[in-house]
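Below: one structure, written as structure tokens.
The values are calculated or read from the model by the stated rules, or taken from the named source; none is laboratory data. Since the structure is predicted, the reported quantities are computational estimates derived from the model, not experimental observations. Cβ sites come from the backbone with ideal geometry, for glycine too, and all protein chains shown count toward neighbours. For accessibility, only protein heavy atoms count, side chains too; no ligands or nucleic acids. Shrake-Rupley method; radii C 1.70, N 1.55, O 1.52, S 1.80 Å.
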Amino acid sequence: MKFVFSFILLLHTLIHLMGFAKAFQLAEINQLSQSISKPMGILWLITALMFICSAALFLTKQELWFIVAFIAILNSQALIILLWKDAKFGTIINIIVLLVSISAFGNFRFNKMVQKESAQILQNIQVENTPVISENDILHLPEIIQKWIKNSGVIGKEKVISLRLEQIGKIRTKTDSKWMPFTAIQHFNVVNPSFVWTTKVDAMPVLKMVGRDKMYNGEGEMLIKLASLIPVVNEGKNKKINQGVMIRFLAEICWFPSAALNDYMTWETIDATSAKVTLTADGQKVSGVFSFSDKGDLVSFEAKRYYGSETNSKLEKWHIEVVSFKTFNGIKIPNKSSVIWKLEEGDFKWLDLEIVDLEYNVVF
């Protein structure tokens with residue numbers, strides 16, 4: 001679609017060059033029956049150059065390309081109105097360019113919001129003199145958690161206090177809805193449990209959704225916008241959203257196992273291959289169960305989580321299954337997972353994800 005839109009911009013450029021050519025009699029332009037003065041011809045040329053500039057900025061992924069496009073659209077439409085009889089169909093192209101530009105402006109504002117929030121959760125992170133984890137540091141943990149930490153390669157590595165990761169995958173909202181591809185970036189503060197997760201979802205062939213999940217100071221927020229403009233979901237700072245983001249943080253420590261050592265985590269042995277963990281943050285508590293293989297590879301995580309944020313939403317089993325492992329920065333983690341709601345009417349697998357990049361102890 002990027003090249004289709006670029007073609008539209010270039011096509012509009014050619015149309016405006018016709019106005020310039022007509023004014024200076026550079027070519028016979030039968031499509032324009034009305035006369036155009038030379039000063040007006042200069043304006044047609046300037047507008048054409050602005051559309052070329054917009055196309056170049058768009059193709060090179062300059063995030064403020066839409067500013068030039070907005071100005072070009074205003075100039076273009078003014079010229080079209082003056083030559084309405086001959087040029088009125090150019091309005092259709094202007095509307096298309098305007099809609100895409102407005103969406104780009106919405107995406108720009110969304111990205112700035114996410115950058116600000118990510119910087120906020122990482123503002124006090126200090127990565128100098130980070131302690132190295134030894135076997136003595138894990139002796140108080142259940143035996144299976146010790147085995148998991150050793151098997152993950154955490155011993156001898158610096159304790160993780162922050163991280164940035166990138167994901168790809170597919171998501172759906174109902175059991176009978178189509179899968180939608182997505183990409184995501186997530187920042188974590190592991191010292192004070194918090195994260196910002198932002199995603200772009202291919203909802204339709206020509207339409208994307210952006211979304212952001214956030215946990216900060218024990219409160220959660222969820223935002224989803226269609227075409228970066230139209231709010232589909234905008235909820236947060238209520239009991240059910242707060243509980244959900246805390247459960248999510250708890251499950252995702254599988255990507256930074258040294259978090260198991262933090263004081264806000266308490267562990268309880270269930271049996272030889274599973275342990276219950278409780279996260280306490282900002283006066284709130286949530287719990288879940290990690291299950292492992294005999295050698296300490298994570299198999300699954302399960303917890304009770306609210307299925308939605310409405311008044312009548314109930315606690316349901318939220319289950320994560322590990323599909324495969326990969327080593328990042330010397331630490332072995334689950335790189336592919338599936339997320340499933342265990343509902344009374346049957347299992348609803350709604351998310352498949354893969355970690356494609358991960359960096360520990362980052363500052364913003």
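Numbers at a glance
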item	result
Qualifying trypsin sites (Lys or Arg not before Pro) for the range 43-123 [loop in DSSP, other Cβ within 10 Å: at most 15]	Lys61, Lys88
Among Val100, Leu82, Trp148 the positive-end extreme of the charge dipole of the range 67-160 (Cβ point charges)	Leu82
Between 0 and 90°, nearest 10: helix 38-59 axis offset from the chain longest Cα axis	20 degrees
Estimated FRET transfer efficiency when R0 is 25 angstrom, pair Lys178-Ile8 (beta carbons, to 0.05)	0.35
Max mean-square fluctuation residue, GNM over the chain, Cα-Cα springs under 10 Å, options Gln243, Gln115, Gln34	Gln34
Cβ-Cβ FRET estimate between Gln25 and Phe108, R0 fixed at 41 Å, reported to 0.05	0.45
With every protein chain in place, the chain: carbon and sulfur % of accessible area (1.4 Å)	58 percent
Amide hydrogen neighbours beyond the local backbone of Glu316, cut-off 5 Å, H modeled	Arg305, Tyr306, Tyr307
Using alpha-carbon coordinates, inclination of helix 65-82 to the longest axis of the chain, degrees	30 degrees
FRET efficiency, Asn312 to Leu229 (Cβ-Cβ, R0 35 Å, nearest 0.05)	0.75
Distance from the range 1-47 to the range 87-135 (C-alpha centre basis), Å	35 Å
Point-to-point label distance, Gln126-Ile185, nm (Cα→Cβ direction, 7 Å offset)	2.7 nm
Peptides ranked, highest mean first, by Cβ atoms within 10 Å: ranges 43-52, 287-296	43-52, 287-296
Top of Val160, Val114, Val68 by mean-square fluctuation, Gaussian network on the chain, Cα under 10 Å	Val68
Antiparallel DSSP beta bridges within the chain, as percent of all bridges there, nearest 5	100 percent
Gain on full stretching of the segment that runs from Thr266 to Ile81 - 0.36 nm per residue minus C-alpha separation	59.6 nm
Among Asn111, Asn242, Asn189: highest mean-square fluctuation, GNM of the chain, C-alpha pairs under 10 Å	Asn111
Helix 90-121 axis, angle to the chain major axis (alpha carbon atoms, nearest 10°)	30 degrees
Mean Cα-pair separation over length for the range 165-266, i.e. relative contact order, pairs under 8 Å, 6 or more apart, %	16 percent
Listed peptides 306-314, 257-265 by packing density, highest first (mean Cβ within 10 Å)	257-265, 306-314
Debye, to nearest 20: dipole size of the chain, +1 on Lys, Arg Cβ, -1 on Asp, Glu Cβ	1100 debye
For Ser194, distant residues with modelled amide H under 5 Å away	Asn189
Gyration tensor verdict on the range 261-364 (Cα atoms; rounded if a/c is under 1.5, prolate if a/b is larger than b/c, oblate otherwise)	rounded
Ordering of 53-59, 245-251 by packing [mean C-beta count within 10 Å, highest first]	245-251, 53-59
Lys/Arg +1, Asp/Glu -1 at C-beta; the range 124-258 dipole; positive extreme among Leu165, Phe249, Ile230	Ile230
Which listed pairs, of Lys38/Lys112; Lys276/Lys336; Lys88/Lys174; Lys239/Lys332; Lys150/Lys317, have C-alpha distances above 32 Å, in listed order	Lys38/Lys112; Lys88/Lys174; Lys239/Lys332
Listed residues Pro334, Leu358, Ser287: farthest to the positive end of the dipole of the range 220-364 (Cβ charges)	Ser287
